[in-house]
Every structure is written in C-alpha cells, then in structure tokens.
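Student: Let me begin by handing over the structure; questions about it come next.
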Amino acid sequence: MALTDIARARGDESEVSTSAIVYVCITCRRAGEPEDAPREGMALARAAARAAEGTTVSVRRIRCLANCSRGLSAALRRDGAWTYVFGGLDPDKDAEALIEGARLLAKSADGLLPWVGRPDVLKRGLIARVPPIDYPEEE
C-alpha cells in the first residue's frame, strides 16, 4: 500500500512524506551565450544541491530536458506523483524554490504539487506536468 493510501485510510494527510528528486538540466544556457561558455544550468544544479543539504530532497544533474527555448530548466518528481517541469529559472535566485517545491511534492497526499505555498517562480515557470506511469486513464 502506498504512503498516500495509508494516510488517506487514516485520514491523516500530514503523515504523507516520501523523498523527492530535483533533476536539473546542466546543459542549459541562455540564448545568445557562446557554445563554450560555462553553463548556467550547472550553476543552478550546484546551487540546488547546496540548498538541499540537510533535507530529504535529492538533486540530480541531467544532460538535457529538451526545454531549450525556455531554459534554464528543472523537473520535480517523486514516486507515485505527477512530475513537474519548469523553465526560465535563474541560478542565483531559484535553487531554494526548487527545493521547497520538491518538499511540498514529497508531502502531497494526492501526488500533486499544491498551488498554495508554491514559490512564485514555480507558478509562473511551469512548462508541463506529467502523470505518474501507473496513472489510471479516465473514461
């Protein structure tokens, strides 16, 4: 039985918690930057890893999220939940917001990233949300 099912059965959504992962595109760069310039995506990944220290959130570097027109990009995911892809991120300002978003997703009883309490950059920078692999299709 999944954590969310156990919590729902007990009527206690506050106990729902599992680890979340932040995937940060390390190949992202801003439009017009030279190909050989240091990648701001790598700077964002490093900043997110520092922000995640002491939490249950993992930060993983990924080579491409195919969101180049709206990079810098990152995705938040956890087992049994929706995955969220964000773009237009700033390596100097948005690392902590990614970690906060991942923590909110980890605690979500319904597998959705709550709107209330979500950092602003994760409201305006949302590119897509993808259902869990075992999501039941609606008829």
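The values are calculated or read from the model by the stated rules, or taken from the named source; none is laboratory data. Computed from a predicted structure; not experimentally measured. Counting neighbours? That spans all protein chains shown, and the Cβs are built from the backbone with ideal geometry, glycine included.
Student: Tell me which residues, restricted to segment 57-77, are farther than 21 Å from residue 92 by Cβ and at pLDDT 95 or above.
Tutor: Matches in segment 57-77: 58, 77.
Student: Picking from 88, 80, 54, which residue would you name as being farther than 18 Å from residue 119 by Cα and in contact with a Gly (Cβ under 7 Å, 6 or more places away or on another chain)?
Tutor: On the way: 88 fails: farther than 18 Å from residue 119 by Cα; 54 fails: in contact with a Gly (Cβ under 7 Å, 6 or more places away or on another chain).
Within the list 88, 80, 54, the selection yields 80.
Student: Let me ask something else about it. Would you call residue 39 of a type in the set (Lys, Arg) and touching a residue at least 24 places away in the same chain (Cβ under 8 Å)? Quick ask: steps written out before the conclusion?
Tutor: Details: of a type in the set (Lys, Arg): yes; touching a residue at least 24 places away in the same chain (Cβ under 8 Å): no.
No, not satisfied.
Student: When only residues in segment 20-36 that are without any contact (Cβ under 8 Å) to a residue 60 or more places away in the chain and under 25 Å from residue 112 (Cα atoms) count, which is surrounded by the fewest Cβ atoms within 10 Å (Cβ to Cβ)?
Tutor: So, considering only residues that are without any contact (Cβ under 8 Å) to a residue 60 or more places away in the chain and under 25 Å from residue 112 (Cα atoms), the one surrounded by the fewest Cβ atoms within 10 Å (Cβ to Cβ) is 23.
Student: Residue pairs, Cβ under 7 Å, 6 or more apart or interchain, first in segment 45-70 and free of Cβ contacts under 8 Å to residues at least 40 places away in the same chain, second assigned to a loop (DSSP other than H, G, I, E, B) and small (Gly, Ala, Ser). List them.
Tutor: 58/19
Student: Would you check which residues across segment 85-102 are assigned to a strand (DSSP E or B) and crowded, with 24+ Cβ neighbours inside 10 Å and list them?
Tutor: 86
Student: Quick check on my filter: what residues within segment 44-77 are part of a helix (DSSP H, G or I) and buried (at least 19 other Cβ atoms within 10 Å of the Cβ)?
Tutor: 44, 45, 47, 48, 51, 52
Student: Could you tell me which of the residues 41, 125 is touching a Leu at 6+ places or on another chain (Cβ under 6 Å) and either on the phi < 0 side of the Ramachandran plot or buried (at least 16 other Cβ atoms within 10 Å of the Cβ) (or both)?
Tutor: Being touching a Leu at 6+ places or on another chain (Cβ under 6 Å) and either on the phi < 0 side of the Ramachandran plot or buried (at least 16 other Cβ atoms within 10 Å of the Cβ) (or both) holds for just one of 41, 125, which is 41.
Student: Does residue 80 satisfy the criteria of being in contact (Cβ under 8 Å) with a residue 60 or more places away in the chain, part of a loop (DSSP other than H, G, I, E, B) and either touching a Leu at 6+ places or on another chain (Cβ under 8 Å) or more than 19 Å from residue 123 (Cα to Cα) (or both)? Even if it seems obvious, please write down each step before you answer.
Tutor: Details: in contact (Cβ under 8 Å) with a residue 60 or more places away in the chain: yes; part of a loop (DSSP other than H, G, I, E, B): yes; either touching a Leu at 6+ places or on another chain (Cβ under 8 Å) or more than 19 Å from residue 123 (Cα to Cα) (or both): yes.
Considered against the rule, which asks whether it is in contact (Cβ under 8 Å) with a residue 60 or more places away in the chain, part of a loop (DSSP other than H, G, I, E, B) and either touching a Leu at 6+ places or on another chain (Cβ under 8 Å) or more than 19 Å from residue 123 (Cα to Cα) (or both), residue 80 comes out as yes.
Student: Right, something else. Which one is nearest to residue 30 (Cα to Cα), of the residues in segment 91-118 that are among the acidic types (Asp, Glu) and in contact (Cβ under 8 Å) with a residue 40 or more places away in the chain?
Tutor: Restricting attention to segment 91-118, the residues satisfying the condition of being among the acidic types (Asp, Glu) are 92, 94, 96, 100, 110.
Subsequent filtering for residues that are in contact (Cβ under 8 Å) with a residue 40 or more places away in the chain retains 92, 94, 96, 110.
Values: 92: 14, 94: 15, 96: 20, 110: 35 Å.
Selected residue: 92.
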